[in-house]
Amino acid sequence: MLFLFNNPLLLIGLLLILTLMFLLGKQMVKEIHYNHLLAHKKRALRYYDGEVPTNKRLYMIGSLALAPVLVIGLFLGIRLSADDAFVDDQFLQISNGQQIVELQKDFREKYLTSYRNYLFGFAMMEDDFTAVPETDASEDAGGEGSDDYSDTNNQVEGVDEMDNVVTDGKFIYTIQQNKIVITLAYTLEDEYDVLGHYKTITYEDSFNPTGLYIDDDYLVVIGYDYMQYDEKQNDDVGLPEGDYYYGYYYQSQVGVKVYDVKNDYTIDHSYLFEGNMIGTRKIEDQLIIITSNYLPYSEEEEINMDEYLPTYYVDEQEFVADYEDVRYIEGSNPNVFLTFYSLNLGTKEVDQNILLGDSAYNLYVSNDNIYLVGSVYMFSPLADVVNLEDPITETKTAIIKLSIDEYDLTFRNLAHIEGFTLNQFSMDEYQGYLRITTTTSRWRFGDGEINNRLYILDEELNIVSELENLGKPGETIQSTRFVGEYAYLVTFEQTDPFYVINVADPENPFVEGELEIPGFSAYLQPFGQDFMLGIGFGDSKGGTQGVKISLYDIRDKTNPLVHDEIIFEYSEFGFAYTSVTYNHKDLLLSYAKGLIALPFTSYDYSSESGQYYNSGIMVFHIDDEGMFSFGGFVQHEEDSEENIYVYKSKFIDQYLYTVSNKYIKVSTIEDPLGILNSTEIE
Amino acid sequence: MFQVKMRHLNEKEVKEKLHISSSKSYKYVLTDDKDLTEDGKISIVFQEHHMTEINKLIDYLVLGEEVFITGYNEHGEKRVDTRNILYFIIIGDDLHAVLLQTRLIVRYKLYELEELLEQKGFIRTSKHAIVNITKINYIKPAINSKIELEMINKDIIEVNRSYLKSFKESLKK
């Protein structure tokens, strides 16, 4: 109703239609009445053809009177019939390529009238690591490895995330540009003495490895591949000879190479997926890969969508998707095919599920479900028929849920919530409920009040409860961590309120405790039952000019405390950072060993030595009382002329292995600076 | 006008065959059993094989005798049954009787014909016209309270506002 008052022309039009309908309706009734009387009279006059006469005119009047009803009915019918095609009322099933072209056209027609052109989503390229230089050397690999070694710092236990350095307790696997270097790191017999090169897998083609998974059976290498698929000639685009045409089209591909660990890393099989990588996870021998393929749009040319259907190859055998495998979420920008692949590494079977939509930006995978979030635009229902000035009524976050049933993925549910998620840690599944934190009106979405929310959704993604206005006015969420029945949340504008939220009852979450300190944590990770480690920014003056590592005491949920903290101020160390603030997998943490290790890099400039660069692993020990003690800053070459970037640390038994672009070095966790052995991988 | 009371025949079928319906204020009783006759009413007792004769009788009872009038056109003088005339209309100084294929000029005054044909299903629609109800194909009420009558030959005759009430009443009679 309010909408009609805000659009007076529409209201007047509607009133006119109603008046016309009333008059025509009255006319029809009158006409039918008169002609009934006439028929009756004719019969009374013994005129035997006295049937009730009908007339085209009556049909015409009837049609005119009912036309607006029919138009509205048709409009609703189309919408309803479109709804009918939704799987579970939420995902529209696509039947052909033309339908996609129509969806694109429709979206653009509505969307381009909006002034909010900057709202387009952006692709997330998860796990895009910096590759490091190559290697050589060789050694024998007899002996057993250890069972006590560091896994990748995964968000969810049992759901592996790929990393650029992995270990299985015996070997350390690293990526060096176009090579995978396998270094023998440890055996039970000879311990660290065996440290040395074991094997190098080199890719001569365009494959560019970016991440690794390791288990007892498989070494899985994931990377990008680029294929030039359409080199247009000058003639094709009407350019004169001599002018250079820049229209080289590269199709990005995601390559997966699976090696048999028990058979000395011989290639077992390989996959190739057309598209860009959105994310990947591994649950036992099931590999999940999510890719995006951008779709072209042209008002002049007719685009054949068949060419853009997601395609994959298993050992070079081609598989192309069917349109019936494609689903669409209403309101999302239909410019991308998001494809969810589930690979059975044992049988090489691939399950493919495709979503036509906008680029997604955060992925969370539990042991049972996949959750992917992206932006959708909620159009006014009248945007289909009326050219509204701003057809987008609001922008929301869509959560898409797929269930993982054995090796099959199935689109399950869709939910719309307010705000935007920060990262994968904004989401968590616990006892079937999805808990998720969002912020509305972050800087890039400009207008309106900032609102930080926590939602709890049930298995069907119905919102069960919602906490609003978390944090102080103007603050946005900087980090979230869910641990069982509690959520820990950091918001920030000028100070860092650290919230402990009780989410034990999904219907009644509440803020149980709160702590306000300077600076803020960009990453939270539980350290045992009693502590929460926060890594972020802060300085001794209450600002954010330094790297700050805090240990929050969360034993009393109503009264969280700062138990201990360490600050590296820029004024002392020069500009410094730790990659853990944006890549949790760079953090090495062991509660049992009282160990925290993270990459730390500082830059500074002095008039005597010019610019200098320090990169190493910062090692801390935490005693039984939960107090930090500095274990050392492990660098691989001091005052080196090269930039030696020490980017990862792993432990096997009591030994700490640090990995740079040139070396793998080993020391004890106890004495990180006392290097026991070293191997060059450059 | 009629009441149908059957003992042996199907009452509904009889009404259909005779093109009549029963009415509360009836003058005639039509029956197939003399025991069903009523005092004070004119009763007609008949058997099934009398149906055609009964039909003619009812025609006569309802419509009365046929009325013929004389008119002329370029082919000369004609005598026609008024039941075949669609309407009468004054054009200029002449009164025309319009038939399906032709029209005649008749030497009557309109009010004379109105009186003569009132019981034969004719009705006044304006100062200039009288219409045979059985020859109206369709009635089109207009938004401005007028009514247009589409005759079986597609001619349109307007019912003027001042004759509207009497027109409606005559349809209801």
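At-a-glance table
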quantity: From phi via Karplus (6.51, -1.76, 1.60), per-residue ³J(HN,Hα) for the range A:10-16 in Hz, x at Gly/Pro; calculated: 5, 5, 4, x, 5, 5, 4
quantity: Average partner coverage of B:139-150, which counts Cβ from other chains inside 10 Å; calculated: 4
quantity: Out-of-range pairs (alpha-carbon distance over 28 Å; input A:LYS179/A:LYS648; A:LYS401/A:LYS648; A:LYS26/B:LYS27); calculated: A:LYS401/A:LYS648; A:LYS26/B:LYS27
quantity: Chain B, helix-only ellipticity at 222 nm - DSSP H runs n ≥ 4, -39,500 (n - 2.57), divided by all residues, nearest 500; calculated: -7000 deg cm²/dmol
quantity: Vicinal HN-Hα couplings computed from phi for the range B:7-22 (Karplus, 6.51 cos²θ - 1.76 cosθ + 1.60; Hz; Gly/Pro x); calculated: 10, 9, 8, 7, 4, 5, 5, 4, 4, 5, 5, 8, 6, 10, 10, 6
quantity: Cα centroid separation, the range B:142-173 to the range B:81-128 (Å); calculated: 16 Å
quantity: Amide H contacts of A:ASN451 (H built 1.01 Å from N, under 5 Å, at least 5 apart or other chain); calculated: A:THR440
quantity: Residue exposure sequence - A:HIS416, B:HIS49 - by fewest surrounding Cβ within 10 Å; calculated: B:HIS49, A:HIS416
quantity: Reach of A:LYS662 by Cα under 14 Å, taken over aspartates and glutamates that are not fewer than 8 positions away in the same chain; calculated: A:GLU134, A:ASP136, A:GLU637, A:GLU638, A:GLU641, A:GLU642, A:GLU680, A:GLU682
quantity: Gaussian network model of chain B, Cα within-10 Å springs - most flexible of B:ARG83, B:ARG161, B:ARG124; calculated: B:ARG161
quantity: At R0 = 35 Å, FRET efficiency that the Cβ-Cβ distance of B:ASP59 and A:LEU10 yields, to 0.05; calculated: 0.05
quantity: Cross-link partners of A:LYS541 among lysines (Cα-Cα below 26 Å; sequence separation of 8 or more within a chain); calculated: A:LYS472
quantity: Kirkwood-based shape ratio for the range B:68-172, expressed as Rg/Rh from alpha carbons; calculated: 0.95
quantity: For the range B:28-49 versus the range A:522-551, the gap between their alpha-carbon centres in whole angstrom; calculated: 112 Å
quantity: Set B:LYS12/B:LYS140; A:LYS56/B:LYS12; B:LYS24/B:LYS173; A:LYS262/A:LYS593; A:LYS42/B:LYS34 screened for pairs whose C-alpha atoms are more than 23 Å apart; calculated: B:LYS12/B:LYS140; A:LYS56/B:LYS12; A:LYS262/A:LYS593; A:LYS42/B:LYS34
quantity: Ranked packing of A:651-663, A:291-303, most packed first, by mean Cβ within 10 Å; calculated: A:651-663, A:291-303
quantity: Tensor-based shape of the range B:2-63 (alpha-carbon gyration tensor, a/c under 1.5 rounded, otherwise prolate or oblate); calculated: rounded
quantity: Residue of B:ASP93, B:ASP33, B:ASP81 that the Gaussian network model of chain B assigns the largest fluctuation, springs spanning Cα pairs under 10 Å; calculated: B:ASP93
quantity: For the range A:313-337 versus the range A:561-637, the gap between their alpha-carbon centres in whole angstrom; calculated: 44 Å
quantity: Under 13 Å from the Cα of B:LYS15 - aspartates and glutamates, other chains or at least 8 residues apart; calculated: B:ASP32, B:GLU48
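Laboratory data are not the source of any read-out in this text; all were calculated from the coordinates shown. The structure displayed is predicted, hence computed values, not measured ones. Glycine also receives a Cβ, built like all others from the backbone with ideal geometry; neighbour counts cover every protein chain displayed.
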